[in-house]
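*Asks:* Structure in structure tokens, see below.
Any read-out appearing in this document is the output of simple, stated calculations on the displayed coordinates, not a laboratory observation. Computed from a prediction, not measured in an experiment: that's the story for all the values here. Methodologically, a virtual Cβ is constructed for each residue, glycine included, from the backbone with ideal geometry; neighbour enumeration extends over all protein chains shown.
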Amino acid sequence: MIALKSRGSFRSLLMLAGCALCLGGSATYAKDIKVAYIPCGQVNDGSWSEAGYDGVKDAKEALAKKDINVTVDYTENLSPSKAEVAARDYATHGYQTVVLHCGTFADAAYNAGKDFPKTHFLIVVAPRSTGNVWSYIPAMQDISFVTGYLASKMSKSGAVGVVASFNFSNVTWQAEGFRLGARYGNPKIKTFSTYINSFDDAGKAKEAAQAEIDSGADVIYSATDQASRGIYAAAGAAGILALASYSDQWKLAPKTVLASALANIPLLVSNVVQGSVQDALEPGKVYAVGMAGGIGALAMNPELEKTIPPAVMTQVKALMDDIRMGRVKVPAISEPGKFADVDLASLKK
Amino acid sequence: MTFSDLFELAFWVPLLTASIRIATPLILASLGEAVAERAGLLNVGIEGMMALGAISGFLVAFWSGSSSIGFSASILTGGLAGLLFGLLTVVRGADQIVTGIVLNILALGLASFAYQRAFASAKDVPQLYLTSPLRVPWLSTLPVIGKPLFAQAPIVYLAYLLVPLFWLLLERSRWGLHVRAVGENPEAVDSAGIDVWHVRLQAIAIGGAMAGLAGATIAVAQVGAYVDGMIAGRGFIVLAIVVFGGWRPGRVALASLLFGAADALQLRLQVSGIGLPNQLLIGLPYLLTIVVVALVARRAGYPAAINRPYLRRRGAASRHQAVLDPSGLFADRMQANRPAAQQVLAGKPEGDEA
């Protein structure tokens, strides 16, 4: 969706530029724009912060083809208060766009946004967009719905579970999306969700998964970051399946991780950065992008994929097409357990 | 699972099993911390020492292919980190809280650095094979308690053995008497001819070693992987557990078990879909910690000499004064210790018997 939008607006921008060319008669047209990137961690962490940085670099390349010369600078490993200082500093130095790629930097973005109205601030997973501050969110409930559907079809016990990091915004959408998807695949299925309040506490993640296994779950979806290692340990010991999130993780547990729900963060970041640089973002719009916008894909474990019945695989692919084309709409549910109140028939358009 | 399942054995047996699993690293770390605190050393750096134990245990177990060698390495690393803490606080007389905080930052950074150096790319995925639980013959077939208590990872049985061992060591041995005495009245111990520094360094080395073993328990025996931040505040929970357990090995182990049970229970209540907000459930073990510490705080008597450096060693004062205090800044303090040192250790110093 957003990709189309920014491309469209770019076309109009090109036309404008073309007109400027004919009117002014200048031989070259180049625009120099500075973009700052402030992630949670380091740009080479092989995970969240690197994915965002890849997106910013993609945007730079894409814009270069349109004769917009983008300089990218970054500052790593900041606390939320230091992030605000850095954001203000970049704004003072004439950066047109400041990307705050960390869920805890929302206040930094809103505060700096008030004082620097000419700078665009992009903040990941924040509740609202105001004026010159835009929130962008990987709406993972779409692909989580697909993993839930797959889990329900693979479960022999009739129970599946999700272990999630924080009961917060899009993580909750993810957990509830999974549970709703499982119900969609099998209305009689039992689903569990457990929040561990950590991205890294692998020990607690293992115990959370074990608690679900003890209650009969035989497919467990991970909606947490590095702590997922504990989920795979519990699932591996119990001989059941796990589903991963955010990046392709089957190599972490080749006999356990059936598939990974990819977020495609680089595409999301690249699109909003391009939109911001070209002044194409709609004021007040939260860019929560799901599968219709290319955010959310399924990476299969090449070995375990063979154990999925062909009929199930066909159904999963059909469901993914339906969500992409908007024939099935997955709601963003922000309160744990509310998936149970959704009328399954209302999902189909 | 439904609410009625809460009254079934099928709920309680796995709950007890999980409680013991979660409690094991806490038991190990808090036994060591109890010894260190009894000697007058509040080891705030325990979180970092657990992280060092986790990374060293994991790396050595990964390279050697043996978890026992990994555990040994974590004990060594933890012990050395403990001695570093001791060097700064006992020998140099630095403030224990500040030193502990600094060591935490250093240790957490070192652990992360070591992992990144060992595995060049973040895409490498070193993983340990986890051994299945070791069933103790006959005992593991006992009804109800058999499986939870006697079908666990081998490290759990080590924890069982260490609880009475630490009790004997701390409450019943001559060395334990020295430890408790240097934590209460180091001057008196000094004048009785016992080297305060030696006893304190031994105690903190044990405290660090146990923290290291606790960290390795999570990385090597439970998860089979190292992840930055995997200690996740357990070190600070241990500090609270030691206060709650009144610095006595048996009670400290029970306090660990209570915390483990609270955590195991809240995870299962979340799974049960009980109508409570999950923020409340997640916070349950921590709320419990705050409540019990608040309850025992008034009667909790920290060892009298905690966070009080003892800067004079018997018969070695003049020799060490030049090293310790070349500028003479602490001369007054050293002098002030002298009259107290004249007190003769009369009978057994006060110590709580378990």
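*Asks:* Based on the Cβ-Cβ distance from B:L106 to A:K82, what FRET efficiency comes out when R0 is 22 Å, to the nearest 0.05?
*Replies:* Working: r = 20 Å, r/R0 = 0.92.
Taking R0 as 22 Å, the efficiency between B:L106 and A:K82 is 0.60.
*Asks:* So which of A:K153/A:K190; A:K188/A:K338; A:K57/A:K114 end up more than 18 Å apart by C-alpha?
*Replies:* Details: A:K153/A:K190 13 Å; A:K188/A:K338 16 Å; A:K57/A:K114 27 Å.
Beyond 18 Å between Cα atoms: A:K57/A:K114.
*Asks:* Can you tell me the 0 to 90 degree angle between the C-alpha axis of helix A:310-324 and the longest principal axis of chain A, rounded to 10?
*Replies:* The two axes meet at around 30 degrees.
*Asks:* Between B:L165 and A:D341, what is the FRET efficiency for a Förster distance of 45 Å, r being their Cβ-Cβ separation, to the nearest 0.05?
*Replies:* Working: r = 55 Å, r/R0 = 1.22.
The computed FRET efficiency comes out at 0.25.
*Asks:* Take every DSSP beta bridge whose two residues both sit in chain A, then give the antiparallel share in percent to the nearest 5. It would help to have the intermediate numbers written out before the result.
*Replies:* Values: 6 of 47 bridges.
In chain A, approximately 15 percent of DSSP beta bridges are antiparallel ones.
*Asks:* Please list log₁₀ I(q)/I(0) at q = 0.14, 0.19 Å⁻¹ for the range B:1-121, using the Debye equation with identical point scatterers on the alpha-carbon positions.
*Replies:* Result of the Debye calculation: -0.71, -1.01.
*Asks:* Order these peptides, A:241-248, A:283-290, A:340-347, by their mean beta-carbon neighbour count within 10 angstrom, highest first. Before the final figure, lay out the partial values.
*Replies:* Values: A:241-248: 24.8, A:283-290: 18.2, A:340-347: 10.8.
Listed from highest to lowest mean packing, they are A:241-248, A:283-290, A:340-347.
*Asks:* Would you calculate the separation in nanometres between label points at A:Q315 and B:T141, each defined as 7 Å from the Cα along the Cα-to-beta-carbon direction?
*Replies:* If labels sit at A:Q315 and B:T141, their model points lie 4.4 nm apart.
*Asks:* Further, regarding this structure: Among A:A151, A:Y246, A:A202, which residue has its Cα furthest toward the positive end of the charge dipole of the range A:144-266, with +1 on Lys/Arg Cβ and -1 on Asp/Glu Cβ?
*Replies:* Going by the charge dipole, the pick is A:A151.
*Asks:* Out of A:G284, A:G230, A:P309, whose Cα points farthest toward the positive end of the dipole of the range A:211-349 (charges: +1 Lys, Arg; -1 Asp, Glu; placed on Cβ)?
*Replies:* Ranked along the dipole, the leading option is A:P309.
*Asks:* Partner chain Cβ atoms within 10 Å, averaged over the residues of B:263-272 - can you pull that number for me?
*Replies:* Average neighbour count from other chains, rounded to a whole number: 6.
*Asks:* Calculate, for A:E61 and A:K118, the FRET efficiency according to 1/(1 + (r/R0)^6) with r their C-beta to C-beta distance and R0 22 Å; round to the nearest 0.05.
*Replies:* Working: r = 25 Å, r/R0 = 1.15.
E between A:E61 and A:K118, to the nearest 0.05, is 0.30.
*Asks:* In addition: Need one value for B:18-26: mean number of C-beta atoms belonging to other chains within 10 Å of its residues' C-beta atoms. Don't jump to the answer; show the numbers that get you there.
*Replies:* On the way: counts 6, 1, 0, 4, 4, 0, 0, 1, 0.
Average per residue, whole number: 2.
*Asks:* Between the range B:136-154 and the range A:107-178, how far is it from one alpha carbon centroid to the other, in angstrom?
*Replies:* 43
*Asks:* What is the range A:124-283's relative contact order, in percent, from Cα pairs under 8 angstrom and six or more apart in sequence? Please list the in-between numbers first.
*Replies:* Working: 348 pairs, mean separation 33.8, N = 160.
Computed over the range A:124-283, the figure is 21 percent.
*Asks:* Thinking of the range A:23-149 as a set of Cα atoms, what percent of all their pairs are more than 21 Å apart? Before the final figure, lay out each step's value.
*Replies:* Details: 3511 of 8001 pairs.
That tail contains 44 percent of the Cα-Cα pairs.
*Asks:* Additional query: Under the 0.36 nm per residue contour assumption, what length would be gained going from the current alpha-carbon distance of B:F7 and B:A294 to full extension?
*Replies:* On the way: separation 287, 0.36 × 287 = 103.32 nm, distance 3.11 nm.
Additional length available on full extension: 100.2 nm.
*Asks:* Let me spell out the model: positive unit charges on the Cβ of Lys and Arg, negative unit charges on the Cβ of Asp and Glu, origin at the Cα centre of chain A. What dipole size does that give, in debye rounded to 20? Kindly include the intermediate steps, with their values, before the conclusion.
*Replies:* Values: 34 positive and 32 negative charges, 203 e Å.
Dipole magnitude for chain A comes out near 980 debye.
*Asks:* According to a simple spin-label model (label point 7 Å from Cα along Cα-to-Cβ), what is the distance in nm between A:V286 and A:T307?
*Replies:* Here the modelled spin labels are 3.8 nm apart.
*Asks:* What translational D, rounded to a whole number of µm²/s, comes out for the protein assembly as shown from Stokes-Einstein when the hydrodynamic radius is the Kirkwood one over Cα pairs, at 4 °C and 1.567 mPa s?
*Replies:* Values: Rh = 27.8 Å.
The estimated diffusion coefficient comes to 47 µm²/s.
*Asks:* Still on this model: Using only atoms on other chains, find how many Cβ atoms lie within 10 Å of each Cβ of peptide B:226-234 and report the average. Don't skip to the answer; put the middle values down first.
*Replies:* On the way: counts 3, 12, 5, 8, 11, 3, 10, 2, 3.
If you average over the peptide's residues, the count of other-chain Cβ atoms is 6.
*Asks:* Here is a follow-up. Please work out the Cα center distance from the range B:190-217 to the range A:222-254, rounded to the nearest Å.
*Replies:* 39
*Asks:* Which shape class, rounded, prolate or oblate, goes with chain A when its Cα gyration tensor gives a ≥ b ≥ c as root eigenvalues, a/c under 1.5 marks rounded, and past that a/b bigger than b/c marks prolate? Intermediate values should be presented prior to the final figure.
*Replies:* Values: a/c = 2.25, a/b = 1.78, b/c = 1.26.
Note, shape of chain A comes out prolate.
*Asks:* Got the relative contact order for chain A handy, in percent, Cα pairs under 8 Å and 6 or more residues apart? List each step's numbers first, then the result.
*Replies:* Values: 770 pairs, mean separation 62.7, N = 349.
Reported as a whole number, the value is 18 percent.
*Asks:* Let me ask you something else. Order the peptides B:85-97, B:273-285, B:21-33 from the highest to the lowest mean number of other Cβ atoms within 10 Å of their residues.
*Replies:* On the way: B:85-97: 19.8, B:273-285: 15.5, B:21-33: 29.7.
Put in order of decreasing packing, that is B:21-33, B:85-97, B:273-285.
*Asks:* Moving on. Nearest 10 degrees is fine. How inclined is helix A:80-92 to the longest principal axis of chain A, computing both from alpha carbons?
*Replies:* The angle comes out near 30 degrees.
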